[in-house]
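Below is one structure, written out as structure tokens, with a few remarks after it.
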2 protein chains.
Amino acid sequence: MNDVIELLQSHRSIRKFSDKDIDQETINAIVASGQAAATSSNVQATTVIQVNSASDRDQLAAFAGGQKYVSTAGAFLVFCADLKRSAQACDSQGGEFTQGMTEHFIIATVDVALFAQNCAIAAESLGLGICYIGGLRNKPAEVSELLKLPENVYPVFGFCIGYPEQDPEIKPRLPLSSVLMQDVYTENVLQPGIDAYDEHIRAYYRSRTGGKKDSCWSEEMRALVGKESRPHMREFLNSKGFTML
Amino acid sequence: MNDVIELLQSHRSIRKFSDKDIDQETINAIVASGQAAATSSNVQATTVIQVNSASDRDQLAAFAGGQKYVSTAGAFLVFCADLKRSAQACDSQGGEFTQGMTEHFIIATVDVALFAQNCAIAAESLGLGICYIGGLRNKPAEVSELLKLPENVYPVFGFCIGYPEQDPEIKPRLPLSSVLMQDVYTENVLQPGIDAYDEHIRAYYRSRTGGKKDSCWSEEMRALVGKESRPHMREFLNSKGFTML
């Protein structure tokens, strides 16, 4: 359709980066692009921690389950949902911050993701590659301690940026007909879409790995949502003031 | 820096749209661009409901607190966090969906926002304007009933798309130095950033309204986070299976 849509549709995560540094001006432009994203009621609930310390990066890589590219990427950012800033602003006006609302948690989490996706697009438009690191939520308390995150702030995900040293294929997605529905949720499109996609992605994995990886999306989903996932998150969030009232 | 970054940084919400229709091919390209965004462990937890029915759009506009552009935009999409599809895939493989994990709620909500922000950029690259409608969360149960959303699916926000019939200014944001921190969270940058921004945004509101609107960000934050916000959200989410375990 146009160059931007082509850029959006050519995304793939990059996990191998060259040694080439990213200058601070570029990081600033990327983060400023994030700031330009929509934000709920102008709350601007995103704070980005740019982690430069090599030893901190190594620790974060370990917290994320041994994802080395957290250390080796040209830059590493931690995207935090931050209600501390708006709480402080509220209190400075004689208000009293109402802590722990589920709705505020949603607002802040969505804000962070909109912001980060703009950063992803900005980076990719400059020829950089990116990779989201949800694995920081393996050890959110440890991440928070390392980065000195205060109450009312939580690390949503990390984000590697760097000059790519690999050129992976674009991963196929579910058929559009499975994810775009008309007027009402249409349950009977689910299974045909899943079946078609299972076949598609199995062929993709096989061809990419010379037949070694032979699994489908439904199997991946059994592994992902068929068990408890990061069961510490609730308590961790509570400890940071996100008590889901 | 480049055209894409310029596009990202020129975002503003559009709330007045021309009558010009958007053809379905364009909507499909926009939603396919959303699909291309990163997704946690390939869960692809986004379902988009394109609402065409005029009476449904009017109802959604009312649910959102009387936001007429929900009715008048060229197209209206509801972005849903959808764990039903992955649950069904899991169960089809002999697994058992583990309902209610806070972590899965975060994954799904972030997935939706990344997807939607790609849609926003795709639309804007085509000369369309967009506006997120968080106001659907005023009446999430009613929205869910209207759109027949099943268990394990919740409406995160709506999304107007259309050809702009207004040209609003870009709203200034907090200073970059407030939202981008180095290595650790730096509490002492908060207040200077808030103070500078309060002054900046007050001047912006005054000049835009001929002096009529005279408020600052801190006052807005007192109104936003200084009280309960959509206190029904927790119970609504619980009722849909998002029980925050």
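Coordinate-derived values only; no laboratory data. In this text the structure is predicted, and so the values were computed from the model without any measurement. No Cβ is skipped: glycine too gets one built from the backbone with ideal geometry, and neighbour counts run over all protein chains shown.
A label point on B:Lys212, set 7 Å along the Cα-to-Cβ line, lies at 6.6 nm from each of its counterparts in the other copies, closest listed first. A label point on B:Glu142, set 7 Å along the Cα-to-Cβ line, lies at 4.8 nm from each of its counterparts in the other copies, closest listed first. Taking other residues whose beta carbon is less than 13 angstrom from the beta carbon of A:Leu126, and scoring Lys, Arg as +1 and Asp, Glu as -1, yields -4. Charge tally around A:Arg234: other residues with Cβ under 14 Å, Lys/Arg +1 each, Asp/Glu -1 each, net +1. Distances between copies at A:Glu199, taken between label points 7 Å from Cα along the C-beta direction, are 6.6 nm in increasing order.
Normalising the average separation of contacting C-alpha pairs (under 8 angstrom, six or more residues apart) by the number of residues puts the relative contact order of the range A:135-245 at 30 percent.
Remind me, relative contact order of chain B in percent, using alpha carbon pairs under 8 angstrom and six or more residues apart? Please list the in-between numbers first.
Numbers: 361 pairs, mean separation 63.3, N = 245.
Averaging sequence separation for qualifying contacts and normalising by length gives 26 percent for chain B.
The alpha carbon radius of gyration of chain A, expressed as a multiple of 2.2 N^0.38 Å, is 1.11.
What are the membrane-span-like helices in chain A by this rule: whole DSSP H runs, Cα extent along the axis at least 27 Å, mean Kyte-Doolittle hydropathy at least -1.0?
A:102-125
With θ taken as phi - 60° and the Karplus curve 6.51 cos²θ - 1.76 cosθ + 1.60 applied, the whole-hertz 3J(HN,Hα) list for the range A:226-242 is x, 7, 4, 10, 6, x, 7, 4, 4, 5, 4, 4, 3, 5, 9, x, 8 Hz, x standing for glycine and proline.
Taking the Cα atoms of the range B:89-182, the ratio Rg/Rh between the radius of gyration and the Kirkwood radius comes to 1.07.
Straight-distance candidates among the aspartates and glutamates for linking to A:Lys213, with alpha-carbon spacing under 20 Å and chain neighbours fewer than 8 residues away dropped: A:Asp167, A:Glu169, A:Asp195, A:Asp198, A:Glu199. Give me the log10 of I(q) over I(0) for the protein assembly as shown at q = 0.07, 0.13 Å⁻¹, as the Debye formula computes it from C-alpha points; what are the numbers? After summing over all Cα pairs, the log10 values are -0.33, -1.33.
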